[in-house]
Amino acid sequence: SDDVRRQKIENRVAKMRFSAATARKIQDVFISEMNKGIHQQPSSLQMENTYIPELLDGTEEGLYLALDLGGTNFRVVLLELAHGAPIREEVKRYYIGSELRVGSAIPLFDHLAESVSDFVISQGLQDVELPLGFTFSFPMIQHSLDVGVLVTWTKTFNCPDAVNKDAVRLLREALDRRGDTKVKVLAVLNDTTGTLVQGSTLDHNTAVGLILGTGSNACYLERADRVEHWETERHGEREVIIDIEWGAFGDNGVLDFIKTDFDRENDANSLIVNSFTFEKYIAGKYLGEVVRVILVKLTKEKLLFVGDSTSDSLLTPGNLTTDLVSHIEQDSLDGGDSNTKEILAKFGIIPDEDDIRIVQYVCEVASNRAALLVSICLASLIDRIDKEQVTIAVDGSLYKHHPRLEGWMKQYISLLCTPGRKFKLIHAEDGSGKGAALVSAIAHRLK
Ligand code: ADP
């Protein structure tokens, strides 16, 4: 009967529904990995020093630039600040052809420099000294605020001669070759750090930056005396932003106790197996694939789409994208089924009533697990940050568009952090653009 089928399906995904004890265990592992990372012991969390020791102090004035490479768009941003707050913003998107994304790094960085100078000249600012913050959203090792050594290219970029080189130096050399502007590259950062700093202009209690987009990562304000890896001279800094790089949480096996056969298959279908373990549970690039893998397994086990033949389209990895999970979740919220039917029809599936409810249930289980995992880590950060009120600045399309994540996160974080702790989630749009210009303003003031 249908009740028996429903029970079988619930059993099949039961490992994805964490008990309170499992949630606590994950939290303990996360805290332990953070402590190891910050003490430079082997850990799946890099806990990178960003060398950003403070936020805006309200004295920053004038014009600042940002160059944003590594997100969905490549952009140059100009921000005008008065009393440490943005009063004007100009943005221009530039195109990077596929031929520039691979091969030698020189043509790529020449193109970046050309875009900067095109933008600066179009603003009539070629004779003005302009600080620039460089958002370089690739794995890098930072030796100081303005030295970031590329570890490896990701996404659609692959210029091998730039690996192990300082991205700031490559950009400065390209700007020097042109010599037609007075742009000064003062800082290199990633989108997560930009989001924290951008959030701090919206809410002065901001102490965590979170990205839930294609990938996922977080950073937070740490006490400077807890940070061991610090290559530059210290000047009595009290705090510093630490980039956790949590996408790789669990790559060393510490999270294996939550791994299901669905996750193993999702990993096997990914570009780089056995890496970015945590990201594969939570980020936009993978959430749809987790759902697809579950649906295919349930179908093969004759628990789903029993009356229908298997859809070839559903069997293809990558075919169920995370935006579709959001649309199906919207049905669950509305108590409807129109989105679910429409999506399944595109896969060539004509579901019965039970199939629809099972598909909705699977989307809920996968989404809910992502929300809980992110919340477990955020609650640990809130407890770690010794402030009465902690605001978390969030950016990324998954967070923005998924209809239930934010609500679940609010609920789970308050259950998991120390009772009485106050926190807020705010949406900080465009940290990778505006945030980088703001970081260059902080760097300029600290010089
Ligand atoms: P990026 O992280 O690449 O800079 P975004 O923050 O826009 O850019 O994230 C893009 C990712 O967000 C996509 O890969 C997709 O997985 C996810 N996404 C896009 N639209 C939605 C949606 N409606 N619901 C959930 N996730 C979405």
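Numbers below:
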quantity	calculated
Quarter of Cα convex hull surface for segment 354-411, i.e. mean projection, nm²	4.5 nm²
Listed residues Val306, Val116, Val76, most fluctuating in the chain (Gaussian network, C-alpha, under 10 Å)	Val306
Solvent-accessible surface (1.4 angstrom probe) belonging to Glu114, in square angstrom, nearest 10	100 Å²
Max mean-square fluctuation residue, GNM over the chain, Cα-Cα springs under 10 Å, options Ala268, Ala23, Ala366	Ala268
Whether segment 160-201 is rounded, prolate or oblate, judged on the alpha carbon gyration tensor where a/c under 1.5 counts as rounded	oblate
Qualifying trypsin sites (Lys or Arg not before Pro) in segment 301-392, DSSP loop, other Cβ atoms within 10 Å at most 14	Lys302, Lys387
Full-extension gain in nm, Arg177 to Phe257, via 0.36 nm per residue minus C-alpha separation	23.5 nm
Dimensionless Rg ratio for segment 9-66, taking C-alpha atoms and the 2.2 N^0.38 Å reference	1.96
Spatially near lysine pairs across segment 1-102, Cα under 29 Å, sequence gap of 8 or more or different chains	4
For q = 0.15, 0.20, 0.21, 0.24 Å⁻¹, Debye-computed log10 I/I(0) when each Cα of segment 318-415 counts as one equal scatterer	-0.65, -0.97, -1.04, -1.25
Average silhouette area of segment 398-447, convex hull of alpha-carbon atoms, in square nanometres	5.3 nm²
Rounded to whole Hz, the Karplus (6.51, -1.76, 1.60) HN-Hα couplings of segment 257-274, x for glycine and proline	5, 9, 6, 9, 5, 5, 5, 5, 6, 4, 4, 4, 7, 8, 5, 10, 6, 6
Mean projection area, nm², convex hull over Cα of the chain	22.0 nm²
Total lysine pairs under 23 Å (Cα atoms) in segment 291-447, excluding pairs fewer than 8 apart on one chain	17
Table column - 3J(HN,Hα) (Hz), segment 294-303, Karplus curve with 6.51, -1.76, 1.60, x for Gly and Pro	5, 4, 5, 5, 4, 5, 5, 7, 6, 9
Using θ = phi - 60° and Karplus 6.51 cos²θ - 1.76 cosθ + 1.60, couplings along segment 385-392 (whole Hz; Gly, Pro as x)	7, 7, 9, 5, 10, 10, 9, 10
Distance between modelled label sites at Asp323 and Lys387, nm, 7 Å Cα→Cβ extension	3.4 nm
Sulfur and carbon atoms: percent of accessible area, segment 264-392 [1.4 Å]	50 percent
Rounded tilt (10° steps) of 167-178 against the dominant C-alpha axis of the chain	50 degrees
Exposure rank, largest accessible area first [Asp127, Asp57; 1.4 Å]	Asp127, Asp57
Net charge over other residues, Cβ less than 15 angstrom from the Cβ of Val77 (K, R count +1; D, E count -1)	-4
Between segment 384-447 and segment 4-65, the alpha-carbon center distance in angstrom	13 Å
5 angstrom amide H check on Ser216, placed H, neighbours 5+ away	none
Relative contact order of the chain, defined on C-alpha pairs under 8 angstrom at six or more residues apart (%)	21 percent
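The values are calculated or read from the model by the stated rules, or taken from the named source; none is laboratory data. Note that this is a predicted model, so its numbers are computed, not measured. Backbone-built Cβ (ideal geometry, glycine too); neighbour counts: all protein chains shown. Protein only, heavy atoms only, side chains kept; ligands, DNA and RNA dropped before computing areas. Shrake-Rupley method; radii C 1.70, N 1.55, O 1.52, S 1.80 Å.
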